[in-house]
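Below is one structure, written out as structure tokens; comments come after it.
The values are calculated or read from the model by the stated rules, or taken from the named source; none is laboratory data. Since this is a predicted model, take the numbers as computed values, not measurements. FYI the Cβ positions are ideal-geometry reconstructions off the backbone, even for glycines, and counts take in every protein chain you see. Remember, those area values only see protein heavy atoms, side chains included, never the ligands or the DNA or RNA. Shrake-Rupley method; radii C 1.70, N 1.55, O 1.52, S 1.80 Å.
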There are 4 protein chains.
Amino acid sequence: MQLRMDAGALEVFLQEEFGQVAADFAVDRVDAGGVVLRLKVAERHLRPGGTVSGPNIFALADVAMYLAILSRIGPVALAVTTNCSIDFMRKPAMGCDLLGEARILKLGRSLAVGDVLVFSEGAADPVARAGLTYSIPPVRTSA
Amino acid sequence: MQLRMDAGALEVFLQEEFGQVAADFAVDRVDAGGVVLRLKVAERHLRPGGTVSGPNIFALADVAMYLAILSRIGPVALAVTTNCSIDFMRKPAMGCDLLGEARILKLGRSLAVGDVLVFSEGAADPVARAGLTYSIPPVRTSA
Amino acid sequence: MQLRMDAGALEVFLQEEFGQVAADFAVDRVDAGGVVLRLKVAERHLRPGGTVSGPNIFALADVAMYLAILSRIGPVALAVTTNCSIDFMRKPAMGCDLLGEARILKLGRSLAVGDVLVFSEGAADPVARAGLTYSIPPVRTSA
Amino acid sequence: MQLRMDAGALEVFLQEEFGQVAADFAVDRVDAGGVVLRLKVAERHLRPGGTVSGPNIFALADVAMYLAILSRIGPVALAVTTNCSIDFMRKPAMGCDLLGEARILKLGRSLAVGDVLVFSEGAADPVARAGLTYSIPPVRTSA
């Protein structure tokens, strides 16, 4: 499937539409397989003990899937998460970024479904796994 | 079932163990049925457009269930979320707090399961619904 | 909200559209709150050891939610399950039916969301809890 | 990681412990990556219209993950599903078997987590995706 937004375009979109969180993320890779999104871990993302908090891991999975969808359909600010089922499996490693690897499993007219594996950078075993569904608004305004 | 922590004790616990987010929440009610937790919505919780972001709704559900468990078993800082399946159903109303109503459905030796309904304060229809599972460490140190 | 199908109408619909499984179920109650569906437990539903198998508990939750939706929108054979997140919490009691209590949390134009608690008949603690999403076809043909 | 049961051993186990459903399944592959399990689709698995019913797709995902765990830890009949979140994405193709590809993401002392993709045989796009958690009994009796 053809890509309609590359890493640069996705980061610009994030900056323009979600300025509050855009600084948290960097798009490491976009291709036909999906998106790899980086959470640039900082003090504000940590729980006591020094590991990234659950809501920040959730946010990484959510934004990674959102950008994977946009990379296929173009900038549609109105797509919304309708469901996320997330398994937290291991503590994130301390002092390193998290990577969310999103792949799209279905891209229908009104629903998109995919999943995300979250890793501490350089680690082989995933921190978390999420399945997500997005609702896509009926009229798509392509960029 | 007997309660081992009331609203005041839960808020103190949150303050001591999760100081970074304690200011976001207030415990509105604790009883045998569960916990009602309030997200004191502020600018930092909002997406563009003025509604509370998904990760903050997730955080409300997660903390509400955590406190509902603690109210039953006492302060166990090590209980961890292992799974959360959340449905986002409606946009939160603007300019008002969110309430997370958590109830415990199972409190086993190693796993606790429950669900949370999230409402905009004063609204009849829920914003979100979450089912959560927590893993409880084998040796419980009661306070 | 007004009901468009009562217990009898739902059972007739099940018989006509899902004849293969209709004999497994009975509609115990339909009201504004939702549907209570009974799995008439028989030998064919059991795992070794004598408890109802996971797929049959899943089926009970799935059909209960389906009928709860139909009770509101009328007989729409094409509504399909898009997501189910189910927690298995306790073994079903032996030698008794299971009851699935379905409530609808959102009934939108294209998606319906609800949850189901499954109990062994007469027991206070739930066997399972499920959150389900159904996709509703764009043009609704009312009966 | 070393495998403790191969395809033949898994099928024998299924036959001995779950005789009622063993005839539904065949183990197509077992390796370090996981298990591929085949649902040998027959009349009894179908909904009206000729496609495999949701509960049977659920059963395929559930058994595939169960066998993937057993292939690693040996025959432990007591492992139980605690959570399954399943997305139904496409209708199964008519007249062909379904394949469930299970991979294990975490194999802890008390919890195992993995996911399953379900395909119609020969098709590129998945019918369903499931994330599953199993609880493993504290004392493992190795074969």
Review point. Regarding the range B:55-100, what is the average projected area of its C-alpha convex hull, in nm²?
Key: 4.0 nm²
**Study point:** Estimated FRET transfer efficiency (A:Arg103, A:Val80; beta-carbon r; R0 30 Å; 0.05)
**Key:** 0.90
**Study point:** Rounded accessible area per residue of the range B:1-99, 1.4 Å, Å²
**Key:** 40 Å²
Review point. Using a label position 7 Å from Cα in the Cα→Cβ direction, what is the ascending list of nm distances from D:Glu16 to the same site in the other copies?
Key: 5.0, 5.2, 6.4
**Study point:** Computed [θ] at 222 nm, helices only, for chain D once each DSSP H run of length n ≥ 4 contributes -39500 (n - 2.57)
**Key:** -7500 deg cm²/dmol
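Given a 1.4 Å probe and heavy atoms of the protein chains only, how would you sort C:Arg4, C:Arg90, largest accessible area at the top? Don't skip to the end; give the middle numbers.
Values: C:Arg4 135, C:Arg90 75 Å².
The ordering from most to least exposed comes out as C:Arg4, C:Arg90.
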Check your understanding: Which FRET efficiency value, to the nearest 0.05, is calculated for B:Glu16 and D:Ala123 with the Förster distance at 51 angstrom and r the Cβ-Cβ distance?
Key -> 0.40
Review point. Semi-axes of the equivalent ellipsoid of chain B: what are they in whole Å, largest first, if each equals the square root of 5 times a C-alpha gyration tensor eigenvalue?
Key: 25, 15, 13
**Study point:** Calculated label separations, D:Lys40, copies of the chain, 7 Å along the beta-carbon direction, nm
**Key:** 3.1, 5.7, 6.4
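Could you calculate, for the range A:7-58, the ratio of the Cα radius of gyration to the Kirkwood radius, expressed as Rg to Rh?
Reported Rg/Rh, Kirkwood definition of Rh: 1.03.
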Point to revise | Label zone at C:Arg4 (point 7 Å along Cα-to-Cβ), backbone N below 19 Å, the range C:96-123 | key: C:103-114
Review point. Between chain B and chain C, with a rotation axis joining them, whose C-beta in B is nearest that axis, and what is the whole-Å distance?
Key: B:Ser85, 2
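Report, to the nearest whole %, how much of the accessible area of the range C:52-138 belongs to carbon and sulfur atoms, 1.4 Å probe, protein only.
Working: 1370 of 2500 Å².
Ligands and nucleic acids excluded, carbon and sulfur give 55 percent.
Kindly identify the protein assembly as shown as rounded, prolate or oblate by the Cα gyration tensor criterion: order the square roots of the eigenvalues as a ≥ b ≥ c, call it rounded if a/c is under 1.5, otherwise compare a/b with b/c, prolate if a/b is larger, else oblate.
Working: a/c = 1.23, a/b = 1.22, b/c = 1.00.
It is rounded, given that a/c, with a ≥ b ≥ c, falls under 1.5.
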Review point. Where in the range B:8-57 does accessible area fall by at least 40 Å² between the isolated chain and the complete protein assembly, at a 1.4 Å probe radius?
Key: B:Phe18, B:Gln20, B:Arg47, B:Pro48, B:Pro55
